[in-house]
Amino acid sequence: MQRLLSWRAPRDRWLTCAEAARLLRAARNHPKSRHLAPFILVALYTGTRKEAILALRFAPHTLKHTAVTWAMHKGVPLADAAGFFGTTVATLESVYLHHHPSFQEATAKALDGWK
């Protein structure tokens, strides 16, 4: 399964939907890793911490990063996401905010009409 994930600097790494689907297919199709598929799903949807997914062979942080990134894509308020994922609003602002639909929205609106 390690080959399914291309490496990027940790700050920029999150799974695309296609990568998550390939990871799940690989887990389901391999006799020694079928039991991992439910854990992968839980981790993807909840950002589950390392202790809850001990059997995984790839970095649990990648799954949390993916879940937080997807939450930002959906426009989840920062305070809600911080509480849910066990992080701080400051971390969300410095690491994930550029994924949020409202990122730089006020500036873009202010510049609308400038030519």
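A few remarks follow.
- Pairs where the first residue, in region 85-112, is loosely packed, with under 11 Cβ neighbours inside 10 Å and the second is at pLDDT 85 or above and in a helix (DSSP H, G or I), C-beta under 8 Å, 6+ apart: Pro101/His73
- Among the residues making up region 43-59, those that are modelled with pLDDT of 65 or more, part of a helix (DSSP H, G or I) and touching a Ser or Thr at 6+ places or on another chain (Cβ under 9 Å) are Ala43, Leu44.
- Qualifying residue in region 88-95 (condition: among the small types (Gly, Ala, Ser) and modelled with pLDDT of 90 or more): yes
- Region 68-87, residues that are small (Gly, Ala, Ser) and either within 14 Å of Phe103 (Cα to Cα) or part of a loop (DSSP other than H, G, I, E, B) (or both): Ala71, Gly75, Gly86
- Tallying residues that are at pLDDT below 75, assigned to a helix (DSSP H, G or I) and loosely packed, with under 15 Cβ neighbours inside 10 Å within region 7-37 yields 3.
- Any hit, region 66-78, residues being more than 12 Å from the chain's Cα centre (by Cα), of a type outside the set (A, V, I, L, M, F, W, C) and modelled with pLDDT of 75 or more: yes
- Test for His100: is it at pLDDT 80 or above and not polar (S, T, N, Q): yes
The values are calculated or read from the model by the stated rules, or taken from the named source; none is laboratory data. Computed from a prediction, not measured in an experiment: that's the story for all the values here. Heads up, the Cβs are rebuilt from the backbone with ideal geometry, glycines too, and the neighbour counts pull from every protein chain shown.
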